[in-house]
Amino acid sequence: ETGVTQTPRHLVMGMTNKKSLKCEQHLGHNAMYWYKQSAKKPLELMFVYSLEERVENNSVPSRFSPECPNSSHLFLHLHTLQPEDSALYLCASSQVGGPSEQYFGPGTRLTVT
Amino acid sequence: GNSVTQMEGPVTLSEEAFLTINCTYTATGYPSLFWYVQYPGEGLQLLLKATKADDKGSNKGFEATYRKETTSFHLEKGSVQVSDSAVYFCALSPTGYSSASKIIFGSGTRLSIRP
């Protein structure tokens, strides 16, 4: 595997379910990000991890819970979501102290029913 | 504060037409500038970048020049193809971040190319 991978690519869940999104980067980076992309809205930064520590949490509801067990893996745990949480969830990575560009995964298309 | 403004879409062109997507930015200091592209059903891919004034980023026939005097980073391509149909995002990364990077994205411009 190369680059940034995300699983699953598609997820349908009910409002009472609990699920997790997984992201893995194979680039040797040490910063990881979760973004939310909704139709007709700008890209929203949700969480930032640098060297496995959360450094940013942009007023995201507590029904979204991130986890970064090591610099290569990032999870987003979901519970009791709302239909308005349906969106494309994108993971990205970059190198702390290196070039500032971020590399994105293909995203998980989440539908909350 | 930091912000990116890009032309609203959708932009529809015929194959082999010349493409310009305008992008202007507001930032202090000397940010890095990027164009990302998102093909249908995929994540964002870095298309090109420029890190200092007058730098020209280029990739896959696309070009953009970092213009400090006009705070612009317009994307151009001389002859577009149907395969260029996608959403294009202009973005900047402010200076002064020693930890994880921060990227400010524009709202995206949808480009459709007719055969």
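Pairs of Cα atoms nearer than 8 Å and 6+ residues apart set the relative contact order; for chain A it is 37 percent. Rolling a 1.4 angstrom probe over the protein heavy atoms with all chains in place gives the protein assembly as shown an accessible area of 47 Å² per residue. Of the chymotrypsin sites (Phe, Trp or Tyr not before Pro) found in segment B:1-79, the ones in coil according to DSSP and having at most 14 other Cβ atoms within 10 Å of their Cβ are B:18. Using a Gaussian network model of chain A in which every pair of alpha carbons under 10 angstrom is joined by a spring, one finds that among A:74, A:90, A:11 the greatest mean-square fluctuation is at A:11. The calculated FRET efficiency for residue B:26 paired with residue A:18, based on their beta-carbon distance and R0 = 30 Å, is about 0.15.
Counting only protein heavy atoms and a probe of 1.4 Å, the accessible surface of chain A is 49% carbon and sulfur.
Against the empirical curve 2.2 N^0.38 Å, the C-alpha radius of gyration of segment B:1-56 lands at a ratio of 1.33.
Sum up the charges of everything whose Cβ sits under 14 Å from the Cβ of residue B:13, counting Lys and Arg as +1 and Asp and Glu as -1, but leave residue B:13 out. Please list the in-between numbers first.
On the way: positive: B:77, B:110, B:114; negative: B:15, B:16, B:76, B:84.
Residues near residue B:13 contribute -1 overall.
Cross-link check: pairs A:19/A:40; A:18/A:41; A:22/B:52; A:36/B:56; A:19/A:41; A:36/B:68 evaluated at a Cα-Cα cut-off of 27 Å; pairs beyond the cut-off: A:22/B:52; A:36/B:56; A:36/B:68.
Once each part is reduced to its C-alpha centroid, what is the distance from segment A:74-99 to segment B:16-90 in angstrom? Measuring centre to centre over Cα atoms gives 24 Å. Among the protein heavy atoms of chain B, carbon and sulfur supply 47% of the accessible surface, probe 1.4 Å, non-protein parts ignored. The charge dipole of chain B, taken about its Cα centre with unit charges on the Cβ of Lys, Arg, Asp and Glu (plus for the first two, minus for the last two), comes to roughly 260 debye. Selection among B:80, B:38, A:43 by position relative to the dipole of the protein assembly as shown gives A:43 as farthest towards the positive end (Cβ unit charges, Cα centre).
May I ask you to list the residues of segment B:48-80 whose amide nitrogen lies under 19 Å from a point 7 Å from Cα along the Cα→beta-carbon direction of residue B:114? Hits in segment B:48-80 for residue B:114 at 19 Å: B:79-80. Interface of B with A. Using a 1.4 Å probe and counting protein heavy atoms only, the two chains hide about 1500 Å² of accessible surface, both sides summed.
For segment A:1-76, report the convex hull volume of the alpha-carbon atoms normalised per residue, in Å³, without decimals.
Values: hull volume 8.6 nm³, N = 76.
Once divided by residue count, the hull of segment A:1-76 is 114 Å³.
Remark on chain A: A:68 stand apart, with no other cysteine beta carbon under 4.7 Å.
The values are calculated or read from the model by the stated rules, or taken from the named source; none is laboratory data. Remember, predicted model here, so these are calculated numbers, not experimental data. No Cβ is skipped: glycine too gets one built from the backbone with ideal geometry, and neighbour counts run over all protein chains shown. Only protein heavy atoms, including side chains, enter the accessible area calculation; ligands, DNA and RNA are left aside. Shrake-Rupley method; radii C 1.70, N 1.55, O 1.52, S 1.80 Å.
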